[in-house]
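Data block below; observations after.
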Amino acid sequence: MQRAKVVLYNPNSVFFTMPLALLAIGSYLDPLKYEVKIIDARLEKDDHAILLAECRGAVCLGVSVLTGAPIHDALAATRKVKSAFPGLTIVWGGWHASLFPEETLAEASIDVVVAGQGEISFSALLDCLMAGESYRQVRGIYYRHEGGVTNTTAQPMKDINSFPPLNYDLIPVERFFQLKKRRQLDYISSQGCRFRCSFCADPVMYKRGWYGFSAERMGEELETLWRRYRFDDVNFQDETFFTNRDRVEGIAEQILSRGLHFTWFGTMRADQGVRMDEDLYRLCKRSGLRKVMIGIEAGSQSMMDWMKKDIKIGQVYESAKSCVRNGIAVIFNIIVGFPHETEESIRESLRVAVDLRKMSPDFEMGIFYFKPYPGNAIADQLIGEGYRFPAGLEEWAGFDYVGSSSDWITQAQHREIEFFKFYQRVGWNRPRPVYNPVRRVAQWRCEKRNYTLPVEKLLYEWIRPPVRLS
């Protein structure tokens, strides 16, 4: 039996993380029925021409879309394909389409939106297309009907242990290693998030559900992948990798018992960090744990409580101390410029950032400006206050949560924060005799909040221009 071709498209962006969402979708499809082609715009010089060629004779085009700049390319590609193949069903999924299905379907070239966890819904949709049947009974989709947009019953979140392993044969793994300039494998071991942070869309997307692969399954999959690709690092892309303590212990034991030799990175909450004892930290370190990411979001307890972060500032310091004792690097993330946040609150966040940077040269600090995003309590409050969010795909394509500022930050505050972001990186990096005088100046500037005549910054950025992050 001839297989039906399904084309999946990953739009252009500035990072080279492997397209795990499309890998999950493509791997779930029955390989006896469907031939899956993943086109990644980041890898191709003429990605649209390749996409058009692959769409010839296909039964469906699926596009996974994040909010922001990737929408530009996703729209351009979708419109070209629909113009060339008007009868081809085009489906959008991913974070943006899931959170804004009606706005997404205002675009005439998009036929269906798959919302949320998409493996089951997309597979069922394809089966209907192949059989020439209506897809109105497929759960978890939105589509146009009688001049408007309608949706079916939501697809309940399923335990991902029932899903097949990701088929990395669908992507050119070695090409990603080359672009990353290291043999780093991206892997996701869980879906969902159990927490209720009021600035985040996760609670709406996942309904605070969470499922993680068993340690035994991960050990088997990672061994198979490692023996094939011989990567030296695994980047676990989970929302919260350390959600289940026993699972983390089991994963570390699986890596060690199977003789796998790679380092790894995972995301951690501060309250999860304090629940790990020293034995578990040491076990994770022996298994290859090199770095964790901890989102603290604010330096003041009152701000943490307001945003329902459900951690204590003391837990941040305790987790940091455990990482120092065990030689584990940390990326801490802070957000400044929340609605109505005071000057004192921002300064407290920067003070905590200095405290943490002083603890280890292997600690990094990511400082971001708050950008409201619908689907949470803060956004609902802002809507009630008359705040205007972007409207339509073109406007959302200009949404930049990395390289822009906050609507609640003054120009003077933005200038000081930008100086702080630079000088804290320089001031507490690993000591090197030739740079020590500059390090001391940078430390002094951060602690005294004195950024007059920033010649060091101007010279550094002239020699090494900042990397575009969004």
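Among the residues of the stretch 30-80, those identified as among the basic types (Lys, Arg), part of a loop (DSSP other than H, G, I, E, B) and either modelled with pLDDT of 95 or more or in the same structural domain as ALA397 (by TED's automatic domain parsing) (or both) are LYS33, ARG56. The number of residues in the stretch 10-22 that are over 18 Å from HIS96 (Cα atoms) and surrounded by 21 or more Cβ atoms within 10 Å (Cβ to Cβ) comes to 1. One residue is enough: does the stretch 425-438 have a residue meeting the conditions within 27 Å of the chain's Cα centre (by Cα) and assigned to a helix (DSSP H, G or I)? Checked against the condition, which is being within 27 Å of the chain's Cα centre (by Cα) and assigned to a helix (DSSP H, G or I), the stretch 425-438 yields at least one hit. Of all residues in the stretch 365-376, at least one satisfies being small (Gly, Ala, Ser), modelled with pLDDT under 95 and assigned by TED's automatic domain parsing to the domain that holds CYS200. Looking at the stretch 124-142, is at least one residue among the hydrophobic types (A, V, I, L, M, F, W, C) and either loosely packed, with under 13 Cβ neighbours inside 10 Å or touching a His at 6+ places or on another chain (Cβ under 7 Å) (or both)? Yes, the conditions are met somewhere in the stretch 124-142. Being exposed (fewer than 10 other Cβ atoms within 10 Å of the Cβ), of a type outside the set (Val, Ile, Thr) and more than 31 Å from the chain's Cα centre (by Cα), is that true of even one residue in the stretch 460-470? No, there is no match, as no residue in the stretch 460-470 is exposed (fewer than 10 other Cβ atoms within 10 Å of the Cβ), of a type outside the set (Val, Ile, Thr) and more than 31 Å from the chain's Cα centre (by Cα). Tally up the residues in the stretch 290-336 that are more than 16 Å from GLY266 (Cα to Cα) and part of a strand (DSSP E or B), please. Looking only at that region, the number is 4. Exactly one residue out of GLU416, GLU461, GLU456, GLU395 is part of a helix (DSSP H, G or I), within 25 Å of PRO70 (Cα to Cα) and either of a type outside the set (A, V, I, L, M) or in contact with an Asp or Glu (Cβ under 7 Å, 6 or more places away or on another chain) (or both): that is GLU395. Taking the listed residues ARG196, ARG208, the one that is assigned to a loop (DSSP other than H, G, I, E, B), surrounded by fewer than 16 Cβ atoms within 10 Å (Cβ to Cβ), touching a residue at least 24 places away in the same chain (Cβ under 8 Å) and assigned by TED's automatic domain parsing to the domain that holds GLN381 is ARG196, with no other qualifying.
The values are calculated or read from the model by the stated rules, or taken from the named source; none is laboratory data. On a predicted model such as this, the values are computed, not experimentally measured, just so you know. As a convention, Cβ positions derive from the backbone with ideal geometry for all residues, glycine included, and neighbour counts pool all protein chains shown.
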